[in-house]
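Peer 1: Take this structure first; my questions come after.
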Amino acid sequence: MTAPDSNPASTTDPQGTPNRRLLLGGTAAGAALLGLGVAWWRAPVPEALPPAEPVEGFWSMQWDTPQAGKLSMQSLRGRPLLLNFWATWCAPCVEELPLINDFYRQNKGKGWQVLGLAVDKLTPVQSFLKKMPLDFPVGMAGLAGAELGRGLGNVAGGLPFSVVLGASGTVLYRKMGRLHPSDLAEVLSLK
């Protein structure tokens, strides 16, 4: 006679064959998986992974500005860059812009750059910037901005979306959704 299995997650069927069963309640397991999924979605790129290169041709891109100028990505190369994809019709985007503007004001002297890429039309962006001027440059990305965002890791194509590029030009951090002060504190440590 063999000793009974001491594993509380096992039972035997009427023939004495061991059966394993999972001791998770359906609702609790679903909630736990949902929580893990949300945590994964919000997590920055882990530091253990090598940083990703930006999309091909990234540094040769050029954007029109709301003031009818041109903004070359090449002019931003070589220093840390917070790249924020936003739109005037996106409430979380509009809510985070004052925080990003403060981040820029406080850290531009420390070598940080910020670029807002408006995935929007020119007239609404110009009207918005008259009401809420920003100290950092804004580029008019339009639908090309959504495509660039996807290339940088925003698979869902949602807004707001932020990416941090290190001084070497590699992607160090990505966040889908509104930035918070704790996110920007983390960003400062990535330089």
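Peer 1: What is the residue count in the range 153-191 for residues that are among the polar types (S, T, N, Q), assigned to a loop (DSSP other than H, G, I, E, B) and over 21 Å from Val138 (Cβ atoms)? Walk me through it before giving the result.
Peer 2: First, pick out the residues of the range 153-191 that are among the polar types (S, T, N, Q): 154, 162, 168, 170, 182, 189.
With the extra rule that they be assigned to a loop (DSSP other than H, G, I, E, B), the set shrinks to 154, 168, 170, 189.
Retained after the next criterion (residues that are over 21 Å from Val138 (Cβ atoms)): 168, 170, 189.
Count: 3.
Peer 1: Please state which one of Gln62, Gln113 is open to solvent by less than 50 Å² (accessible area, probe 1.4 Å), free of Cβ contacts under 8 Å to residues at least 40 places away in the same chain and of a type in the set (S, T, N, Q). Show your work before the answer.
Peer 2: Details: Gln62 fails: open to solvent by less than 50 Å² (accessible area, probe 1.4 Å).
After ruling out the rest, the residue left standing is Gln113.
Peer 1: Which condition number in (1) more than 23 Å from Val55 (Cβ to Cβ); (2) buried (at least 19 other Cβ atoms within 10 Å of the Cβ) is the one that Lys175 fails?
Peer 2: (1)
Peer 1: Given (1) open to solvent by 10 Å² or more (accessible area, probe 1.4 Å); (2) under 19 Å from Arg178 (Cα atoms); (3) β-branched (Val, Ile, Thr), identify the lone condition not met by Thr123.
Peer 2: Going through the list (1) open to solvent by 10 Å² or more (accessible area, probe 1.4 Å); (2) under 19 Å from Arg178 (Cα atoms); (3) β-branched (Val, Ile, Thr), Thr123 breaks only (2).
Peer 1: Same structure again: Which of (1) closer than 15 Å to Leu129 by Cα; (2) open to solvent by 50 Å² or more (accessible area, probe 1.4 Å) does Trp86 not meet, given it meets every other one?
Peer 2: (2)
Peer 1: Confirm whether Leu190 is within 25 Å of Ala68 (Cα to Cα), touching a residue at least 12 places away in the same chain (Cβ under 8 Å) and not hydroxyl-bearing (Ser, Thr, Tyr). It would help to see each step written out before you state the result.
Peer 2: On the way: within 25 Å of Ala68 (Cα to Cα): no; touching a residue at least 12 places away in the same chain (Cβ under 8 Å): yes; not hydroxyl-bearing (Ser, Thr, Tyr): yes.
Considered against the rule, which asks whether it is within 25 Å of Ala68 (Cα to Cα), touching a residue at least 12 places away in the same chain (Cβ under 8 Å) and not hydroxyl-bearing (Ser, Thr, Tyr), Leu190 comes out as no.
Peer 1: Give me the pairs, please: first residue somewhere in the range 118-133 and among the β-branched types (Val, Ile, Thr), second residue anywhere and open to solvent by 50 Å² or more (accessible area, probe 1.4 Å) and assigned to a helix (DSSP H, G or I), beta-carbon distance under 9 Å, and either six or more positions apart or on two chains.
Peer 2: Note: pairs meeting the criteria are Val119/Leu143; Val119/Ala144.
Peer 1: Still on this structure, please answer the following. Report those helices (runs of 4 or more DSSP H) wholly inside the range 66-152 carrying at least 1 residues which are within 19 Å of Lys175 (Cα to Cα) and among the charged types (D, E, K, R).
Peer 2: Values: elements: 91-107, 122-131, 142-151.
By residue number, 91-107, 142-151.
Peer 1: Restricting the search to the range 151-167, which residues are within 13 Å of Phe58 (Cβ to Cβ) and open to solvent by 30 Å² or more (accessible area, probe 1.4 Å)?
Peer 2: Correct list: Gly151, Gly153.
Peer 1: Pairs please, first residue from the range 152-177 and at positive phi, second anywhere and assigned to a strand (DSSP E or B), Cβ atoms under 6 Å, 6+ apart in sequence or on different chains.
Peer 2: Note: pairs meeting the criteria are Gly153/Arg174.
The values are calculated or read from the model by the stated rules, or taken from the named source; none is laboratory data. As the structure is a computational prediction, the values presented were derived from the model and not from experiment. Every residue, glycine among them, receives a Cβ derived from its backbone with ideal geometry; neighbour counts consider all protein chains shown. Keep in mind that these areas ignore ligands, DNA and RNA; they rest on the heavy atoms of the full protein, side chains included. Shrake-Rupley method; radii C 1.70, N 1.55, O 1.52, S 1.80 Å.
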